[in-house]
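FYI, it's all coordinate maths here, none of it is from the lab. Worth saying up front: this structure is predicted, and the values here are computed from it rather than measured. Neighbour counts run over all protein chains shown; Cβ positions are idealised from the backbone, glycine included.
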Amino acid sequence: MTGDAVAVGGHNGARKSYRLRDEPKVLMPRSLRGIVIAVLSVVIVVPIGYMVLMSLTPNQDVALGTISLRVLGIENYVQMWSAAPLASGLLHTIIIAGTASAVSVMVALLAAYPLTRFEFRGRRAYLYTLIALQTVPGTTTVLPLFAILSWIQTTLSVSLIGTYWPIILTYMTFGVPLSTWLLVAYLRTVPRDLEEAGLVDGCSPLGALRRIVLPLALPAMVVAFVFAFLVGWNDVLFASVFTNQHTQTLAITLELFSSTSFSTGTPVYGELMSAAVVSSVPVVVLYLVCQRYLVSGLAVGSLTG
Amino acid sequence: MLVPATLALLLFGIAPALLMIWLSFLNLTASTLRQFVEAPFYGVRNFVDAFTQPSSLGVTTGWSIFISFAFSLLSTIATAPIGVAAALSVHDRFRARGLVRALYLMPYIIPGFATALTARVVFLNGTGLVDKILGGLGITNGQTYWLIGPHAYWAMQLTEIWAAWPFIYLFTLAGLQSVPDAQLEAAAIDGAGRYARLRYVVLPQLSGVLKLGLLLATLYHFGNFTLAFVMFGGTPPPAGAEVLPINMYYNAFTFFNFGMAAAIAVITIVILIIPGYVYIRSARLAGRVE
């Protein structure tokens, strides 16, 4: 605010120094900054705080709107596990999203390496396809995938819906382009000299990939894994079509818990909110723990789609 | 090395899109879907029906297109100034900046289904937080039905704005960080005040990345299925919340009118072709494909 004295003139000593009206790098006045932060904080904290408060309030008190701090307790967090199969939903999510994102990242590394290291026909077209795929909403692919699945099930008389395969493969459709983009953006910043040194020392190209590029790309691979994992964690559309009670994910368990609870007329709002908190906490903790890597990844990931 | 990725993309990304165009010309119901290869050809009837006949939900595809346009455009228009202001507010160094930055990400990183479910409780008639606040301040009588009827659109719209502004914030912050300090110092020495620096130094460099972010955000709002599905789930959502993804989903998986649903999905892609093309072009201009 008060501004620094900036010396103006040649380096053989500035005789005159101007006092700038404000610090050049500061783009928002401090008072306005305070207002913006205060308003946004309230807007963010109030609904989240309400969610947490409701998760600690007995169901009937939420329904009646008689909220008081005296009745708070953790009963909802205990009861919800038996009210809905949330534990198995959590397990299914971890299996499905974990497998899909682990495989996605491996496939993506294999693809990102030639895309950043070699010039070949169709390389640009490939990159464009990766961008384009990220603008396609899921509602346009869920139906044909469902038709193919039903057709395979009928023709070969096998049952696929209710197994992990269709949903894992579907999440890979999103995981592979996303991870490839993140890894392409990252590998561009890794100098080629390191691999060339490895090649000179007698590494095969694949050996260079495994011994030199893989360790260097590991942080980016972790970021890619997390983002691909969150695709599966957050998805409702595909999981609601491609899973049944044997494979349903946490998101679907919660969605079914909510819609049956609302349509039977005795909504267990408190338990629903505690389940919502439990589905949010791992994601939030994940972000807070590795905020630095993930936010830079978020910027790259979102910048690239 | 590209083979696994290419196969995955072709089999699960591009082939389904092509298949869907074919499906949209078939008379596909629950009984013909399993053997869709032999389903009767229907010509453009699914498309005609989509626009002329109200679906089992009671709205036409035209209505859903209108709602989806309003929803995605209003979301982008509303989140843009919030995101830019938020980015400016944490650009300069100050104590607790890390904390505020972490807080700003919260609405975005909470899973969409948890946000939608919370919104459902927050917007409860009479007993929800919104009605309590509005009633307490005397703005309304505190008895507004937000989850059914004509107000449903606005409940959904407000929730989307709450959840989506950090997307623009992240883009703006990334853009701000690429403005060299030296340029700001030079401008300041030349007498540019805070507003002039923002307007003539920062904004021109920000506009490319910001446009890209706004375009992408609009596409994502347009494709948002989770919010309306979870927020109004259990019963088919009210007319004001029948965005295009919801219309497609209920036609397909609740009413088993798969041909019509495929037609709606094709219409969705046709609508997104132009903004999608602009996005890919501007991604190239931003130098990300070299």
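Miscellaneous remarks
- Exercise: per-residue mean of other protein chain Cβ atoms within 10 Å, A:35-45: 5
- Hz values of 3J(HN,Hα) by residue in the stretch B:54-59 - Karplus curve (6.51, -1.76, 1.60), Gly and Pro given as x: x, 6, 4, 6, x, 10
- Pairs of Cα atoms nearer than 8 Å and 6+ residues apart set the relative contact order; for chain A it is 28 percent.
- If R0 is taken as 45 Å, the Cβ-Cβ distance between A:Val285 and B:Tyr195 corresponds to a FRET efficiency of 0.65.
- Per-residue 3J(HN,Hα) values for the stretch A:176-190, derived from phi via the Karplus relation 6.51 cos²θ - 1.76 cosθ + 1.60 with θ = phi - 60°, read 5, x, 4, 5, 4, 4, 4, 6, 4, 4, 6, 5, 4, 8, 8 Hz in sequence order (x marks Gly and Pro).
- Legend: ranking of residues A:Lys25, B:Lys132 from fewest to most surrounding C-beta atoms inside 10 Å; resulting order A:Lys25, B:Lys132.
- Dividing the helix sum by the residues of chain B, where each DSSP H run of 4 or more adds -39500 (n - 2.57), gives a mean residue ellipticity at 222 nm of -21000 deg cm²/dmol.
- Taking the alpha carbon gyration tensor of chain A, multiplying each eigenvalue by 5 and rooting it gives semi-axes of 42, 37, 16 Å, largest first.
- Zero-based 10 Å bins, Cα pair distances in the protein assembly as shown, whole percents: 3, 15, 25, 26, 18, 9, 3, 1, 0
- Whole-number Å³ per residue for the convex hull built on Cα positions in the stretch B:217-282: 85
- Packing-based exposure ordering (other Cβ within 10 Å, fewest first) of A:Thr243, B:Thr118: A:Thr243, B:Thr118
- Crossing angle, helix B:61-89 versus chain B [Cα axis fit, 0-90 degrees, rounded to tens]: 20
- Taking the C-alpha atoms only, the angle from helix B:112-122 to the longest principal axis of chain B is near 90 degrees.
- The residue list B:Leu105, B:Leu137, B:Val278 was ranked by how far each Cα lies along the charge dipole of the stretch B:14-285 toward its positive end, using unit charges on Cβ atoms, and B:Leu105 comes out on top.
- For B:Leu26, the amide hydrogen comes within under 5 Å of the amide hydrogens of B:Tyr42, counting only partners 5 or more places away or on other chains and with H modelled in the peptide plane.
- Cα gyration tensor shape for chain B, rounded if a/c is under 1.5, else prolate or oblate: oblate
- C-alpha long axis of helix B:97-109 to longest principal axis of chain B, angle in °: 10
- Farthest positive-ward along the protein assembly as shown dipole, Cα basis, beta-carbon charges - from A:Leu216, A:Leu109, B:Phe69: A:Leu216
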